[in-house]
Amino acid sequence: MLEIKGLAVSYGATTALAGVALHVEAQEAVCVVGPNGAGKSTLMAAIAGGVSPRAGSITYEGKPILGMRPENIARQGISLVPEGRHVFGTLTVEENLFIGTYAMADRRHAAADAEMLLGYFPRLKERWRQPAGRLSGGEQQMLVIARALMTRPRLLLVDEPSLGLAPKIVDTVYETLLSLRRERQLTLLINEQSSERMLRFSDRIYVIRNGRILLHGRTEELRDGEAIARAYFGFD
Ligand code: ATP
């Protein structure tokens, strides 16, 4: 579904990605794990069209998307949930959910889609008319995920959904994402700092460090966690 080869991104003199190869098959849940500054956010930004790589290729469903404008990439069926849970604090949950749909050419499905999504995120329904700024961190994370799903993506990129959330809430977020994958045929690429969580929720794992993929494999093969820890912390 998604195929990335030789992806290189620099910010001035800083190399953020130094030739990354990665692929995601339809309906997989793939986690990218790595320490702060490893290049995870840059990788997602590059897929979504938010940064301009200096080399490499990104193909989505057989079509080259590198160089496309972010809104055109979104139209192909890719949606990004950025790190940091950016909600519009003074707008209600309802307004936050619909905000991305106002610019859509065809909004006929928006109300039905919102209803369907509220089935997955019942807390949002309870808070429907409240300002999003008053939601808990976990609820805000659910809101930004639900908002990203309003454009009907087939591939959802989620940048560090667990940052600063209590473990129980994080489990709920992941369980909801996996239900959406199972029932709505969603494909997931998730940046995660916790290797323990990733081992529970993903099919495949990439470990990234200093802009390079140091290790990748099926989650069941990496289950004991030792190889991941070695790559993550840079032990040889
Ligand atoms: P984190 O978990 O802290 O978000 P990350 O793995 O997502 O880290 P990136 O944010 O992609 O890593 O950063 C990769 C490298 O690029 C780091 O060295 C970072 O300092 C640098 N970098 C990221 N964004 C910019 C920017 N806008 N300008 C300059 N350097 C940047």
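Annotations
- Of the whole protein surface, residue 101 contributes about 0 Å² of accessible area at a 1.4 Å probe radius.
- With one equal scatterer per alpha carbon and no solvent term, the Debye-computed log10 I(q)/I(0) for the chain at 0.13 1/Å reads -0.77.
- For the pair residue 163 and residue 123, label points projected 7 Å from Cα toward Cβ lie 1.8 nm apart.
- Rounded to the nearest Hz, the phi-derived 3J(HN,Hα) couplings of the range 52-63 under the Karplus curve 6.51 cos²θ - 1.76 cosθ + 1.60 (θ = phi - 60°) are 9, x, 8, 7, x, 9, 10, 10, 10, 6, x, 10, where x marks glycine and proline.
- Among 11, 120, 206, the sequence by solvent-accessible area, most first, with a 1.4 Å probe is 11, 120, 206.
- Carbon + sulfur, % of accessible area of the chain - ligands and nucleic acids excluded, 1.4 Å: 50
- Positive-end extreme of charge dipole, the range 1-96 - chosen from 21, 89, 11 (charges on Cβ): 11
- Taking all protein chains as they are arranged and a probe of 1.4 Å, the heavy atoms of residue 87 leave approximately 30 Å² accessible to solvent.
- Furthest towards positive pole of dipole, 121, 131, 141, structure part the range 100-163, Cβ charges: 131
- Accessible area (Å², 1.4 Å probe, nearest 10) - residue 5: 120
- Projected area averaged over orientations for the range 1-77, convex hull of C-alpha atoms, nm²: 5.0
- 3J(HN,Hα) from dihedral phi, the range 227-232, Karplus parametrisation 6.51/-1.76/1.60, rounded to Hz, x for glycine, proline: 4, 5, 4, 4, 5, 4
- Order of exposure, largest accessible area first, which applies to 198, 1 with probe 1.4 Å: 1, 198
- Simple spin-label estimate for residue 194 and residue 152 in nanometres, 7 Å along Cα-Cβ: 3.5
- The simple Förster model, with R0 at 25 Å and r as the Cβ-Cβ distance, assigns residue 112 and residue 88 a FRET efficiency of 0.65.
- Using alpha-carbon coordinates, inclination of helix 110-120 to the longest axis of the chain, degrees: 70
- Computed over the chain, the per-residue total of -39500 (n - 2.57) for DSSP H runs of n ≥ 4 gives a 222 nm mean residue ellipticity of -10000 deg cm²/dmol, rounded to 500.
- Additional length obtainable on full extension of the chain from residue 220 to residue 95, 0.36 nm per residue less Cα span: 40.9 nm
- Each pair of Cα atoms in the range 150-236 enters the Kirkwood radius, and Stokes-Einstein at 20 °C and 1.002 mPa s then converts it into a translational diffusion coefficient of 154 µm²/s.
- Pairs spanning more than 30 Å between alpha-carbon atoms, out of 40/63; 63/168; 125/168: 63/168.
- Over 21 Å [Cα-Cα, the range 77-172], rounded percent: 27
- Residues in the range 150-159 carry Karplus couplings, in order, of 5, 8, 6, x, 9, 10, 10, 9, 10, 8 Hz; the curve used is 6.51 cos²θ - 1.76 cosθ + 1.60 with θ = phi - 60°, and Gly or Pro positions show x.
- Residue 13-residue 102 pseudo-label distance in nm [points 7 Å out on the Cα-to-Cβ vector]: 4.3
- Order of exposure, largest accessible area first, which applies to 86, 23 with probe 1.4 Å: 86, 23
The values are calculated or read from the model by the stated rules, or taken from the named source; none is laboratory data. Here the structure is a predicted model, which is why all the values come from computation and not from measurement. Please note: Cβ atoms are built from the backbone with ideal geometry, for glycine as well, and neighbour counts cover all protein chains shown. Surface accessibility is based on the protein's heavy atoms, side chains included, excluding ligands, DNA and RNA. Shrake-Rupley method; radii C 1.70, N 1.55, O 1.52, S 1.80 Å.
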